[in-house]
1. Report ³J(HN,Hα) in whole Hz for each residue of segment 160-176, in order, from the Karplus equation J = 6.51 cos²θ - 1.76 cosθ + 1.60 where θ = phi - 60°; Gly and Pro get x.
2. Within segment 207-270, list the trypsin sites (Lys or Arg not before Pro) lying in a DSSP loop whose Cβ has at most 11 other Cβ atoms in a 10 Å radius.
3. Roughly speaking, what is the stretch gain from Val169 to Ile153, that is 0.36 nm per residue apart minus the C-alpha to C-alpha distance, in nm to one decimal?
4. Collect residues whose amide H, placed 1.01 Å from N in the peptide plane, falls under 5 Å from the amide H of Asn185; neighbours closer than 5 in sequence don't count.
5. In nm, to one decimal, how far is the Arg187 label point from the Glu73 one, both placed 7 Å along Cα→Cβ?
6. Any idea how far the Cα center of segment 178-242 sits from the one of segment 96-157, in Å?
7. Using the beta-carbon distance between Ala199 and Glu224 and R0 = 25 Å, what value does 1/(1 + (r/R0)^6) give for FRET efficiency, to the nearest 0.05?
8. Normalised radius of gyration for the chain, please: alpha carbon Rg relative to 2.2 N^0.38 Å, two decimal places.
Amino acid sequence: MIATITLNPCVDKHITVQGLNLNETNRSTVVHNDAGGKGIDVSRAIHEMRGMGMAHGFIGGHDGRTVEALLTEQGVPFRFTPIERETRSCFIINDAKTSQQTRISTEGPLVSKEEIGRFYLHLWDIGPVPDLVVAGGSVPPGCPVDIYRTIIIEAKKHGVKTILDSSGVYLKEGVKGKPCLIKPNVRETEELLGVELAAEADIIKACLELVAGGIEIVVISRGEGGLIAAGEGRVIRTVPPRVKVVSDVGAGDCAVAGLALKLAGGGSLWEASRLATAMGTAAVLTPGTDLCHRADVEWLLPQISVQEVAA
C-alpha cells in the first residue's frame, strides 16, 4: 500500500473561457472541480492504475469536505487530519481561443502545532503501515520548513521508504533526511544545487551528485524530453513519443505515481522509469485537472524509449 501526503490540499477549479479579457467580465463555458495537491494527484493516478493507496494530509471547512466528496466519488481512499481552518481553492483558467492556461495557486490555511501533532498520530499510529510514502507539494503556513525531513526520518523509523516531490526550501530541507527517491524537474534541480543544467550531461552529473550524497534514486523530469534517472548503479534515459499536449497539469504527479507503483512492488529502476514516463505523457492528453487514463498509459508503454547511458 502506498501512502501519499498532501499537507496543502485544494479544490482545483478548472474554468474554460472563450477568450480571456483582462479588466472585463469573462463568461465561463465549463467549470470542473477536482481534488488537488501533489499527493492527492498521486493517489488518484495510483487508483486509476488499480494500485492500493491511502491519501493523508490536512483538511478543513467546506472546501475540505468537497475534497473528500470528490475523492469518495472517484473511489480514492483517504484518512485526512481535520483542521480548524478552510482548505484552499486553486484555479486553472483555460482560454479555448488561444489554448493558453493560467494557474492561480493560493497560500493555504494556517495549521497549528496541535494539528501537526495529530497528523503524525494519524499517519503512524493507525494501521496498516504503508509499503511506501509519497510526500510533496507546497506547505501551508504554520508548518516548519523542515517538515518533510521530519516525515522522512519518521518513515525510516518504521522501516518505510519515501519519495519526495517538492521544491525550493522544502526540497532543500527535505533531502537532508535522505529520502529513497526525489523527482525534481530541471529548474527545481538547478535551484537545489545552485548550478545551471544546460545539457543532458549536466543533468546526469547532477543526478549522480545527489545519489552520492545519500539519496538512493534521483529522477529529473524534462517535460516532453522524458526522464533522466540515476540509481541502482546505472543511469537511465527515457523518451516518450510526441503527442498533442492538451494540458500539462498533473503530469509530474502521474510520473511520481508510476515510480511509486513499480518501486513499491519491487520493480527495477528501468521498469519504474518506463511506467513513470508513460503515465506522465498520458496525463498531458487529458484536459484541465483530469489526470492519466489507464487505457492511454497501456497504449503509450510500448512507445517509450528506455536507454541506459554512460555515467
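1. Values per residue, Gly and Pro as x: 10, 7, 10, 10, 10, 9, 9, 8, x, 5, 5, 6, 4, 6, x, 5, 5 Hz.
2. Values: sites: Arg222, Arg234, Arg237, Arg242, Lys244, Lys262; in loops: Arg222, Arg242, Lys244.
Answer in residue order: Arg242, Lys244.
3. 4.0 nm
4. Ser221
5. 3.1
6. Computed from Cα coordinates, the inter-centre distance equals 23 Å.
7. My answer for the efficiency is 0.90.
8. Against the compact-globule rule of thumb, the ratio is 0.96.
Each reported figure results from applying straightforward, stated rules to the coordinates on display, with no laboratory input. Just so it is clear, the structure is predicted and the values come from calculations on it, not from any experiment. Every residue, glycine among them, receives a Cβ derived from its backbone with ideal geometry; neighbour counts consider all protein chains shown.
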